[in-house]
Each structure stands twice: as C-alpha cells, then as structure tokens.
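What follows is a short report on a single structure.
Nothing in this text is a laboratory measurement; each read-out follows from the coordinates by a stated rule. In this text the structure is predicted, and so the values were computed from the model without any measurement. A quick note on method: Cβ atoms are made from the backbone with ideal geometry, for glycine too, and the neighbour counts reach across all protein chains shown.
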Amino acid sequence: MIDLDDIRPGDLERCDPAGMHEVIAGLPKQCIRAMAITEQSPARVPPRAYRAVVVCGMGGSAIAGDLLASYLMDKLAAPVVVSRDYGLPAWVAAGDLVIASSYSGDTEETLSGFDQALARGAAIVGVCSGGQLRQRCAERGLPCLEIPGGLPPRGALGYSLFGILGTLLASQAIPDCRADIMEAVKLLEALAAEYGPAAPAAANRAKSLAQQLHNGMPVIYAAAHPLAAVARRWSNQINENSKMLSYWALMPELCHNEIVGWEKLPDVRRQARVVFLQDEADHQRNILRMRIVKELLEPNCPVLLTVNSRGGTLLARILSLSYLGDWVSLYLGYLGGADPTPVARITELKARLQEAR
C-alpha cells in the first residue's frame, strides 16, 4: 500500500503505470483546449429556441451532459435531458436538439439514439474523437465536433463537457457564459496543485478524504439540485478508478425511503462511509434534511463526512466538487493497491457483446 504522505516517483510508476494522475491533473488544460477547438471548429447548431436539449451518451460521455444540465437549469428555458439507453424517449422529435456524445464514437447505445434522432427530424450534433459517429455525421452533412482521443472516456471530461458547452456557446444557443468558464478553469488550475500527489495529506483534502474512506463503501449523498451530477460522478469514479463499490442518492428523495434501510444489516452499515456533498445553492430545507439525516445515521455509521463546494459561479462550484472526487478516487485506488486505469470487466463485457452480434 502506498504512503499518501510520502509519494515518490517510483511509487507512481508502480501504482499508476498508465498515469491516471497525469490525466486528472490535466483537466484544466483539457477545458482550455476544448474551448479553443470549438472556436475553430465549423460544428454549429442552428441558434433557435429548442423545445429540449437531449444528450445521448454513456459513462464518461454522459456525465458531461449531467453536469451541463445542472449548470444550465436556471439559465436555459429548454430542459437538458440525458438519455442513457438505446434509442430515444418517444417525445423527442423535430424541434429538439440531440447531442450525440461518444468519446470513442462507437458507443452502440449512442449510435442507436443518433439513428432515431435522424429518423425523427431532430437537430443533431456529434461530439466524439472519431469512430462511427464521426463517419455517420460526415455522410449526412451533420455538424460534428472532433475532440482529441487516446484517453479513458472518464478521463476526457474536460473535452466532453466543454466541447458541448463551447459548441452551444459558439452557436449562440445558450447565454454567454465565458466569464463563468474562465473562473472555473482558474479554480481547477489551483486545485490541481492543491490535490496533486506532491501536496502532503495534512494539506491535501483529497488525500485525507481517501484515508477516511479507505476499507469502506463510500455512500455519496447530495441535494438533487445542483449536485446530482456531482454525486453520480463521485460514485462512478470510485467504481472505476478505485475498483470499489459505491453508490449515490439524493435529497430530498432519500428521506422518503433510504434512511429506513439503515436499520438492518449491521455488518454492511459498519462498512459504509457517508459523504455529504453541499453547495450554497442547496435548498434550505435540504440543508436541514442533511443535518437531521446525519443525526439519525450517527449511531449506525462510523464515518460521516461533509464536503463543501468552492468557487463563486455555479459552474466553478460544480466542477470544484467533481474534481475533488476524481482525486479522491485516485488515492483510494492507490490505498487499495488498484491500478486506476484498466477497467477489465468493462473491456470483457464489450468483447462478449461484440461476439454475440
């Protein structure tokens, strides 16, 4: 097991041979490069008032849509909906904008949604690094933003999120948010140094959280708005980078069911590590609910942690917490002796699906 207080170059080569720490540290540069790519790309969508914006995607490509939806909820009259499935909901039609987001360009669920959007006459834009999605857009003369490839999809969040955001901004399909973007990137740059391997655990919130979550099952709680996507991201990153079970749930819904589930299975309860994600935009009643839930869980759960967002604008605050979760998942992987990059079971599952065609 690696000593997070004294990480040396040899430790990183041994625990993280593919360099996931470098991928995570590179998020601010990804965001900047993605914005530059969108400014230079001809990929544009008609700047009309859409009934809805639908992001088709899975995994790391879909979470970009979730974060976008959280950020734009109070800025855009049209709802932003993320579709994680084959095809599209029956209501999607002409007048809607469908963003097909697939980092590889070959995600079969996303390609299925693309085909249905095409058949229904919806406006379409692709966001990918190549693959079938780029080819299908080219064949039909549809806009497609090509982003750099070669990363694990979960490690390309800057390209996926800011690729979509930048395309919508360049197309004048959303209000001007350049100031928000600049603040968010500046904060991420500061956090990259603050949470990076060189910063000691005593001054590194990501390392200290990982130490507290180690040898347990992280349970991530947040308010439905604005941190639902961040809670999902934390859990997903822990699943993939740390190779650990984790799940997430949201206020106020969890107060109507899940809190009762803590009454039984004492062996499971002892393994739980509950993280409450909080933001200044949380509804006051949800803030109260979190306080009461903590008091209710205290006798049953050995670790209850509260983590607050940082930054001025909503975009910066959302990304500050999401980024912290990325680093926590990395250090949890180190502590558990897991190489954070490979996802063997996903690779095997995709291979077996391909064989069954």
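Alpha-carbon geometry of the range 20-176: the Rg and the Dmax are 14.0, 43 Å, given in that order. For the chain, the longest principal axis of the alpha carbon atoms and the long axis of helix 108-120 meet at an angle near 40°. Fewest neighbouring Cβ atoms within 10 Å first, the residues H283, H225 line up as H283, H225. Amide hydrogen proximity for C56: with H placed 1.01 Å from N in the peptide plane, the residues at 5 or more positions away or on another chain lying under 5 Å are S83, I99, A100, S101. Exposure proxy shown here: for K207, K264, the number of other Cβ atoms within 10 Å sets the order, fewest to most, as K264, K207. Neighbour counting of Cβ atoms within 10 Å sorts the residues W248, W91, fewest neighbours leading, into W91, W248.
By the Kirkwood approach, averaging reciprocal distances over each pair of separate Cα atoms, the range 199-335 gets a hydrodynamic radius of 15.0 Å. Listed values for the range 78-87 are Karplus-derived 3J(HN,Hα) couplings in whole Hz (6.51 cos²θ - 1.76 cosθ + 1.60, θ = phi - 60°), namely 7, x, 9, 10, 9, 10, 10, 5, 6, x, and x replaces Gly and Pro. At 25 °C and a viscosity of 0.890 mPa s, what translational diffusion coefficient does Stokes-Einstein give for the range 159-275, taking Rh as the Kirkwood radius over Cα pairs? Give it in µm²/s as a whole number. Result for D is 145 µm²/s. Please give the helix 27-40 orientation as an angle from the longest Cα principal axis of the chain, in degrees from 0 to 90, rounded to the nearest 10. The helix 27-40 is inclined about 10 degrees to the chain. The alpha carbons of the chain occupy a box of 57, 48, 47 Å along the principal axes, longest dimension given first.
In degrees between 0 and 90, to the nearest 10, how far off the longest principal axis of the chain does helix 131-140 point, with axes built from Cα atoms? Once rounded, the angle reads 30 degrees. Cα centroids of the range 51-128 and the range 2-29: 33 Å apart. By definition, a body whose alpha carbon gyration tensor gives a ≥ b ≥ c is oblate when a/c is 1.5 or more and a/b is not larger than b/c, and the range 274-344 fits this oblate description. Using a 4.7 Å Cβ-Cβ cutoff, the cysteines of the chain lacking any partner cysteine are C15, C31, C56, C128, C177, C255, C301.
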